[in-house]
1. Per-residue counts of other Cβ atoms within 10 Å, averaged by peptide: what ranking do you get for 144-154, 107-117, 56-66, highest first?
2. Considering only protein heavy atoms and a probe of 1.4 Å, how much of the accessible area of the chain is carbon and sulfur, as a whole percent?
3. Can you give me the span-like helices of the chain, meaning DSSP H runs with 24 Å or more of Cα extent along the axis and Kyte-Doolittle mean at or above -0.5?
4. What's the Cα-based Rg to Rh of the chain, Rh via Kirkwood?
5. Let me have the 222 nm mean residue ellipticity of the chain computed from DSSP H runs of 4+ only, each contributing -39500 (n - 2.57), with the sum over all residues rounded to the nearest 500.
Amino acid sequence: MIYCVEDDRSIRDLMVYALNSAGFEARGFDCGRSLFDTLQTEKPKLIMLDIMLPGEDGISILKKLRMQPSTKEIPVIMATAKGTEYDKVTGLDLGADDYLAKPFGMMEMISRVKAVLRRTKPTKTEKYIKIGQLELNPETYVVVENGERVQLTLKEYKLLLTFMKNPERVFTRDQLLEIVWGMDYAGETRTVDVHVGTLRTKLKECRNYIETVRGVGYRMGKRI
């Protein structure tokens with residue numbers, strides 16, 4: 001089931017129709033309130049979320065989705081007519097999995113939906129990864145530093161997982177955007193630097209494990 005949150009009825013009906021025609025079950029909502037009411041009883045595989053909504057806007061709804069344990073893992077594709085850099089960066093930083101700028105074609109929407117569902121499909125993972133004093137459990141999302149649990153946001157966790165699964169590999173900022181944010185991002189890559197900075201701060205004694213490769217990007221240095 002895919003939920004489409006869009007206040008324009010004609011657009012909403014078209015999105016639902018296109019998704020149904022592509023083999024997906026889909027349901028439309030005109031506001032955040034009706035969405036959250038339904039989420040109490042049924043969780044979708046993905047949410048299409050418009051930013052410009054009456055009452056509570058899409059950014060506020062996304063924050064709530066990511067804050068609640070029962071909905072924080074549901075993939076979200078943001079849609080807006082604004083097309084501004086601020087909305088795009090804000091949505092991605094808050095945990096959106098992809099972004100569509102209006103007006104978008106239904107074929108493009110279906111393609112993005114399929115791509116996000118492929119990326120977010122659960123996969124069997126190893127029990128834990130350990131580098132130096134850092135230990136990460138991909139099954140429980142638990143990160144431990146020197147025996148103490150580290151609280152990370154979802155994007156910080158995905159960054160750390162990427163680094164720890166590929167020690168010594170250098171990642172460019174564009175590669176990290178593709179892996180962690182799940183899309184080709186044509187704008188500034190500052191958001192990667194910001195997240196790496198907050199991740200280092202939270203790791204404290206192990207912050208230097210994430211090394212900056214000048215002029216290229218970042219890597220996780222090997223530790224005994």
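The values are calculated or read from the model by the stated rules, or taken from the named source; none is laboratory data. A quick note: this is a predicted structure, and the numbers were derived from the prediction, not measured. When we count neighbours, we look across all protein chains shown, and the Cβ atoms used for this are built from the backbone with ideal geometry, even at glycine. Areas reflect the complete protein model, heavy atoms only, side chains present, ligands, DNA and RNA absent. Shrake-Rupley method; radii C 1.70, N 1.55, O 1.52, S 1.80 Å.
1. Working: 144-154: 14.0, 107-117: 16.2, 56-66: 18.3.
Taking the mean over residues of other Cβ atoms within 10 Å, the ranking is 56-66, 107-117, 144-154.
2. Carbon and sulfur: 50 percent of the exposed surface of the chain.
3. none
4. Answer for the chain: 1.00.
5. Working: 8 runs with 84 residues, N = 224.
Using -39500 (n - 2.57) per qualifying helix, the result is -11000 deg cm²/dmol.
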